[in-house]
Every structure is written in C-alpha cells, then in structure tokens.
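The values are calculated or read from the model by the stated rules, or taken from the named source; none is laboratory data. Everything quoted here is computed from the prediction, not taken from an experiment. Virtual Cβ from ideal backbone geometry, glycine too; neighbours counted across all protein chains shown.
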Amino acid sequence: MKNFDRAKPFIAVTFLQAGFAGMDILSKAALNQGMSNYVLVVYRHAVATVVIAPFAAILDKKLRPKMTLAIFIKPVIDQNLYFLGMKYTTATFAAAIVNVLPAITFIIAWIVRLEKVKIGSLHSQAKVAGTIATVAGAMLMTLMKGPLIELFRTKGKDYHENGTSGIDLHSSIKGALMITVGCFCWACFMILQAITLKSYPVELSLTAWICLLGTIEGTVVALVAEKGNPSVWALNWDMKLLAAVYSGVFCSGLAYYIQGIVMKDRGPVFVTAFSPLCMVIVAVMSSIILAEQMFLGRILGAIVIVAGLYLVVWGKSKDYKSSSPPADEQTIPVKQTTVA
C-alpha cells in the first residue's frame, strides 16, 4: 500500500499528460477545420465549469474560505496564445515547445524562493544545466528543420492537399514565440496555484472558480478578437464540438483539480516535469491521425529538451532526499509556498 501511495503522484501526472496529448490532437484537428482559437478557449472553460461546479458546490460547501482573484487571469492568456501558436505550426511542434514549461516554472519558483539553488552542489548544477538545455532544445526545434523523416501514415502523403506542409520558418518562429509566452503565463499560474492552495485548500472549488472566470474573460476576448462575428460560435456534431467537450472535461476540469492535489504534495516543478510524455504521445498520434510531417531538426531538439528536463528532475529528486526525512518530504512545497 505504501508503494502505491508513493506512486500515486506519478500516475496522476502521467494521466494528465495523456489527457493533454489527446487535447493537442483534437484541438489541432478542430483548428484545421476553421475553429477560432478564442472560441475554443471559451467553450473549453464553459464545459469545465458546468462539469465541476456542481461537485464543488456540494463537496466543498463547508470548506470554502474567502477567495483571491490573482489567479484568474491565467486561463485566458496562456490558452489563447497556445492555440494561436498551434495554428501557425503543428500539434507535435506545440507539444514539444511546451517542454520549456518546467524550465520556466523552475526559474520563476527560484525567483520567488519556492526553489533553492546552491551553485556549489551537483544537484543544483544539474537543475541549472537542465534548464539551459531545455531552452536550447526548444530553439533547435524552432530554427533547424533538416530532412523529412517519414513515419507511419506520412509516407507518400500529398501534404499540399492536407495542409501540413505549409509550415515555413516564419510561421514556426511566430508560433514558437506565442507558445513560449503562453508557457510563461502557464508557469506563473502554476506558482500562483501552489500559493493559493495554501490559503484556499479546496481544489474543486478553486477549479470551478478558475473555469468560470476563464469563461467570462475568454468571452470578452473572443468578442473583441472576432469582432462580434456570430458565425464563429456555431457548433455541429463534428471535431469542433468534440475538441471543446474533451478539452473542457479532461484538460480544464480534471487537469486543474488533479494538478492541484499533486502540487500540494510535490510542488509546481514536479507537476510540470512530465511534459515530455505529452510530446512523445502527440508525435506518434499526430503522425498517425493528422499525417503531420516529422523533421530531423525537431527530433534532435526534442531529444535535447528531454535530456535537459530529466537533469532538472534528477536535481529535484536529490533535493527531496537531502533536504528532509521521508516523512516530511511531501510538506516541503507547502512550507516553501508559505515563505513566498
């Protein structure tokens, strides 16, 4: 039973990455069909609010303290930038660039003193080197294309017909910048969520509030960005509806709730450290489902990102082993959050 309890955080974040991979595939397919990324964000949070709010109202009725509004700007900024960046690139490219998220989270956590760095220690050097490698890998994926690697259904495909060949260097850089800024906002949200959960330790209610405010703010952004065009809000029984429902239920509702639970025990850096799992799943599935092209430069960049990421994870594991006895390990992120 103890082994299962220790494995639960790893199982939870692995489940999250599998869910995010499905969202990347479905969202890219919906965007390819002309769905507005602004509208997708609104529908995503609206679905999540409808699903989560009733449970929060019932289960957290006697637990809810007063709420802070600082965390609620995140859902609109990072997701709009992420989906807009995905429009200019591919699902695989977007999932790979998101691997800078652990590094950004680590840097912000260090600045706000949620993360300790001792330059003279090996594990701190590993975390710093891993952070640099992660960013370098993301740049490699952006700037280096290389020869085409044909996998699965990509062999013999006419990419001019299915729309996956028109990703030039300008679009890649533009999309990468948008996704990277979105990751920065996402990392800020992870830090804010870790801090907020200390004073507001009710994950369901926090998730419901985030999704509700995300729906309202996203609606305002969508109305302005789409200039009040009513046709962009139309949904049929197609990929657009599936993407909105799936991303709302699994990637907003369940994801915010699960990452909140894990974050209270392991901290924000641990939660973001499993992003490469999403990249691997997306790379395989998008090649099969969307017939996306895979280039050598992106594969090499992804390898550098993964290597850098796991240097960070190794350094983090040494932190847990050296900073406190096992019985206290899970409370460390909460104590650090209090200091911030």
Worksheet item: Taking the stated definitions as given, is Val112 modelled with pLDDT of 80 or more, surrounded by fewer than 18 Cβ atoms within 10 Å (Cβ to Cβ) and not aromatic (Phe, Trp, Tyr)?
Response: no
Practice prompt. From the list Thr89, Thr154, Thr134, Thr49, pick out the single residue that is hydroxyl-bearing (Ser, Thr, Tyr), closer than 22 Å to Val280 by Cα, surrounded by 14 or more Cβ atoms within 10 Å (Cβ to Cβ) and modelled with pLDDT of 75 or more.
Written response: Thr134
Discussion item. Checking Thr272 against (1) β-branched (Val, Ile, Thr); (2) crowded, with 22+ Cβ neighbours inside 10 Å; (3) touching a Lys or Arg at 6+ places or on another chain (Cβ under 6 Å): exactly one of these is not met. Which one?
Written reply: (3)
Discussion item. Of all residues being crowded, with 24+ Cβ neighbours inside 10 Å and more than 17 Å from the chain's Cα centre (by Cα) in region 275-297, which is farthest from Ile191 (Cα to Cα)? Just the residue, please.
Written reply: Glu292
Response to the item:
Residue pairs within 8 Å by beta carbon, gap of at least six or interchain, first lying in region 125-137 and farther than 14 Å from Thr180 by Cα and among the charged types (D, E, K, R), second buried (at least 18 other Cβ atoms within 10 Å of the Cβ) and modelled with pLDDT of 80 or more, listed first then second, are Lys127/Leu311
Fill in: Selected residue (criterion: farthest from Ser286 (Cα to Cα)) from residues of region 92-131 that are in contact with a helix residue (DSSP H, G or I) (Cβ under 6 Å, 6 or more places away or on another chain), outside any helix (DSSP H, G or I) and not charged (D, E, K, R)
Val117
Worksheet, complete the sentence: Every listed condition ((1) buried (at least 20 other Cβ atoms within 10 Å of the Cβ); (2) under 25 Å from Phe93 (Cβ atoms)) holds for Lys316 save (2)
Worksheet entry | Flag if Ala94 is at pLDDT below 85, surrounded by 23 or more Cβ atoms within 10 Å (Cβ to Cβ), among the small types (Gly, Ala, Ser) and in contact with a Gly (Cβ under 7 Å, 6 or more places away or on another chain) | yes
Worksheet, complete the sentence: All conditions in (1) modelled with pLDDT under 70; (2) surrounded by fewer than 19 Cβ atoms within 10 Å (Cβ to Cβ) are true of Val117 except (1)
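Being in contact with a Ser or Thr (Cβ under 9 Å, 6 or more places away or on another chain) and either in a helix (DSSP H, G or I) or not hydrophobic (A, V, I, L, M, F, W, C) (or both) is true for just one of Val280, Val245, Val271, Val249. Which residue is that?
Result of the check over Val280, Val245, Val271, Val249: Val271.
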Discussion item. Cβ contacts < 8 Å: first residue farther than 20 Å from Met139 by Cα and of a type in the set (Val, Ile, Thr), restricted to region 286-305; second residue at pLDDT 80 or above and buried (at least 19 other Cβ atoms within 10 Å of the Cβ), any location; separation 6+ or different chain. Result?
Written reply: Ile289/Ile25; Ile289/Ala29
Item to complete: Could you check how many residues of region 137-151 are part of a helix (DSSP H, G or I) and either under 16 Å from Gly308 (Cβ atoms) or at pLDDT 80 or above (or both)?
Response: 6
Worksheet item: How do the pairs read when you match residues in region 140-153 that are within 18 Å of Ile289 (Cβ to Cβ) with residues anywhere that are modelled with pLDDT under 75 and not acidic (Asp, Glu), using Cβ under 6 Å and keeping only pairs 6 or more apart or on different chains?
Response: Ile149/Met294; Leu151/Ser287; Leu151/Met294; Phe152/Ser287; Phe152/Ile288; Arg153/Ile288; Arg153/Ala291
Worksheet item: Counting just the residues of region 1-40 that are touching an Asp or Glu at 6+ places or on another chain (Cβ under 9 Å) and surrounded by 17 or more Cβ atoms within 10 Å (Cβ to Cβ), which one comes out nearest to Met86 (Cα to Cα)?
Response: Lys28
